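Worksheet for the structure shown next.
The values are calculated or read from the model by the stated rules, or taken from the named source; none is laboratory data. Note that the coordinates shown come from a computational prediction; the quantities given were computed from them, not determined experimentally. Every residue, glycine as well, gets a Cβ built from its backbone with ideal geometry; the counts of neighbours run over all protein chains shown.
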Amino acid sequence: MHSLLEKVLFLDIETVPQKPNFDSLDEIEQQFWTKKTNQLSKKEESPAELYQRAGIYAEFGKIVCISIGKISGKNSPIFQLQSFMEEDEKLLLQKFRKFLETQQNKLLCAHNGKEFDFPYIARRMLVYGIELPKILQLAGKKPWEIPHLDTLELWKFGDYKHYTSLDLLAHIFKIPSPKKETSGEMVFDLWWNKKDKKRIRDYCEQDTLTVAQLFCAFNGIDRFSQEQIERIR
């Protein structure tokens, strides 16, 4: 197995609004969300109609699942997938922080992770007064000192106007799409209405695996076969 892969922790998160609907917010929260929606849509959509989008903002959303993928084993290396998923977001983040502290000299990698996953996790930790693990402490660091990789950034090649979704890149590189049965837009309904945690976890892990396979494709590394993938439960 390529030594580069041994240094990387692949990651994906799933987020939802903090409350099941706009009416569940208190008066002050409704005011803040209404103010936010004035920046979101030029259509005549009400704050209540737009509330399903609240999960993408750390100030209005919460993390319901974090999936990690990493190489394990030397002689017969496998790609291990495991997820952190709790009803209590604080407990989820505490467990994830404890895990990160055991992973020394690692790099985090996600698709659009520098714009979304990494700062979202850090912001939600700060909300709960959780000390940031070293891998998320970026203050005062130079760009080349930050231990983060981003498959979207790698694909941009410096073209900062360019955005390409993970499922499009998966299609281009002939990687099984993580969006066949579930998509990010469905997570709200799966969490708040259908209570289908398993499907959210499976989707999050599939995204994580896709990021890893894409990273392999970018670096000329053999992709993981089904026999090399292990899901920790």
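General remarks:
- Breaking point among (1) of a type in the set (Lys, Arg); (2) at pLDDT 95 or above; (3) within 23 Å of Phe218 (Cα to Cα), for Lys106: (2)
- Residue list for the range 182-197, restricted to those being assigned to a loop (DSSP other than H, G, I, E, B) and out of contact with any Lys or Arg (no Cβ under 8 Å at 6 or more places or on another chain): Ser183, Asn193, Lys194, Lys195, Asp196
- Any chance Ile135 is part of a loop (DSSP other than H, G, I, E, B), in contact with a helix residue (DSSP H, G or I) (Cβ under 9 Å, 6 or more places away or on another chain) and of a type in the set (Val, Ile, Thr): no
- Scanning the range 186-209 for residues that are touching a residue at least 60 places away in the same chain (Cβ under 8 Å) and touching a helix residue (DSSP H, G or I) at 6+ places or on another chain (Cβ under 8 Å) turns up Val187, Phe188, Trp191, Lys197, Ile200, Tyr203, Asp207.
- Some residue of the range 163-170 being within 17 Å of the chain's Cα centre (by Cα), among the charged types (D, E, K, R) and exposed (fewer than 15 other Cβ atoms within 10 Å of the Cβ): no
- Scanning the range 149-165 for residues that are within 20 Å of Leu9 (Cβ to Cβ) and either of a type in the set (Asp, Glu) or in contact with a helix residue (DSSP H, G or I) (Cβ under 6 Å, 6 or more places away or on another chain) (or both) yields a count of 4.
- Being of a type outside the set (Gly, Ala, Ser) and either modelled with pLDDT of 95 or more or under 13 Å from the mean Cα position of the chain (by Cα) (or both) holds for only one residue in Phe79, Phe157, Phe84, and it is Phe84.
- Inspection of the range 56-71 finds a residue satisfying the criterion of being surrounded by fewer than 16 Cβ atoms within 10 Å (Cβ to Cβ), under 30 Å from Asn219 (Cβ atoms) and either of a type outside the set (Phe, Trp, Tyr) or within 24 Å of the chain's Cα centre (by Cα) (or both).
- Remark: Gln39 falls outside the filter, which requires a residue to be modelled with pLDDT under 95 and surrounded by 17 or more Cβ atoms within 10 Å (Cβ to Cβ).
- Of all residues in the range 72-116 being among the acidic types (Asp, Glu) and over 16 Å from Leu136 (Cα atoms), the one that is surrounded by the most Cβ atoms within 10 Å (Cβ to Cβ): Glu89
- Extreme residue, nearest to Glu59 (Cα to Cα), among residues of the range 94-140 that are without any contact (Cβ under 8 Å) to a residue 12 or more places away in the chain and of a type in the set (S, T, N, Q): Gln137
- Contact map, the range 141-162: residues that are in contact (Cβ under 8 Å) with a residue 60 or more places away in the chain paired with residues that are crowded, with 16+ Cβ neighbours inside 10 Å and part of a helix (DSSP H, G or I), Cβ distance under 7 Å, separation 6+ or inter-chain. Pairs shown: Thr151/Val211; Thr151/Leu214; Thr151/Phe215; Trp155/Leu169.
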